[in-house]
Structure formats: C-alpha cells, structure tokens
Amino acid sequence: MALTRRAFAAATIAGVAAPTRARAKECPAAGMDWMTMSLEARNLAYFNVAHVGADFARQKTEHWTAASKDLRERRPKHLDLAYRPGERTKWDLYPAADPKAPCFVHIHGGYWQRGSKEIFACLAEGALANGWSAALPGYTLAPEASLTQITSELRSALDWLNARGAEHGNCGTRHSHRLVGRRTSNRISFGSSKSGSWVVDLGSL
C-alpha cells in the first residue's frame, strides 16, 4: 500500500506528539527560557543520556547501529556520494523502484557534535518499505565546524540532491522531497538553497 503524504505525516506526528504530551507535566515549562538559562542547563536540555539513562541509550545506539549497518550492506550502490569537499560532506541515497517517488530526506541529530548518517540509516526503512526514496546527508561536526558552516554545507547538499539526485534514481524535483530532522537538526532544516525553498512537513524524529 502506498504511503501518502498525509498518512506519513499523521503517523509520524502521532508518534512524536503522544510521548510529548505524556511527559508534559515533567517538563518545567515555567522558567525554561533559552536566553536566561545557564550553559549547564542548556547542555543538559539536549543531553539525552541524562534523561533516558546510560543503559537505555547504549542499547538504543547499538540497535540502531546494527540495523543501519544491515541496510547499508544490503544497499551499497549509492553511498558516500560527495556533495562538496570534506570528510563527512557526503550523501547516502536509497532510491525507490520508481524514480519519481517522493523522497524522505533525514538530517541526523546529535547536538551538532556527534552522530552520523551511518548510525541513523535505519530510519530510512519505513519510507523505503512504502515506496519512497530516502536520502541522508552527512555534515562536519562542531566544534570543527561552526553552525554557519554546517548550515552552508547542508544547503550545498540540498542543491546537489536537486541537481544530481536523479542520476542515482532519487526523485526528480525538490517538490517531492520531504525534509526532516532529528531533535536539534530540525533547527537548520528550514530556509532555502539555490534550488529554492524546501518544504518541511514534519517535526523532529
């Protein structure tokens, strides 16, 4: 069964919103002002391990890493495609059977300082199973790169995908791309590239 844009958005938003509502009472909404929070409080807000526990975080990372490794081994043809010079500035593309299928574009999270497209490749499985293409860009991590540089890299990545993605079977136009980010990465999923504005359908995953 083909996954429509509406169904895809509804399913993802439901999965994100439900636990958010369940944890609402635990979050100190009053006083959580980014502009007045200390550096320690800001760092803690995005330090997932402190909130879910080291054991759970380790098990989740190991599970995702194994699942992602399996996907990359099964679909190695369009991996590590450079979109600009750099060790990490590369795409992993997973084209659908239909080159005109919409494309799920996922920017990995990690507070800009950790994570990789290799670890999060497993998040493409759902899109692929429903006839979508999937694409995951890498980017230089902080502190080696500033947020300005990371934003520039990802805009270059989107331009490259729009110009050359079709060569690798990944959807023809930016209008069929659906750009998402995980946690902090959705902050830079907005804006424009040379090929035009990009549509962000979903929140963080």
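The residues 89, 65, 148, when put in order of fewest to most other Cβ atoms within 10 Å, stand as 148, 65, 89.
Taking packing as the residue-averaged number of other Cβ atoms within 10 angstrom, the listed peptides 36-44, 94-102, 138-146 run from highest to lowest as 94-102, 138-146, 36-44. Couplings 3J(HN,Hα) of segment 53-64, computed from phi: x, 5, 5, 5, 4, 5, 5, 5, 5, 5, 5, 5 Hz, in residue order, whole Hz [Karplus 6.51 cos²θ - 1.76 cosθ + 1.60, θ = phi - 60°; x for Gly and Pro].
With the cut-off at 1.5 for a/c, could you classify segment 92-144 from its C-alpha gyration tensor as rounded, prolate or oblate? It is prolate, given that a/c is not under 1.5 and a/b is the larger ratio.
We did not get these values from a lab; they are worked out from the coordinates using the rules stated. Not measured: the values here are computed from a predicted model. When we count neighbours, we look across all protein chains shown, and the Cβ atoms used for this are built from the backbone with ideal geometry, even at glycine.
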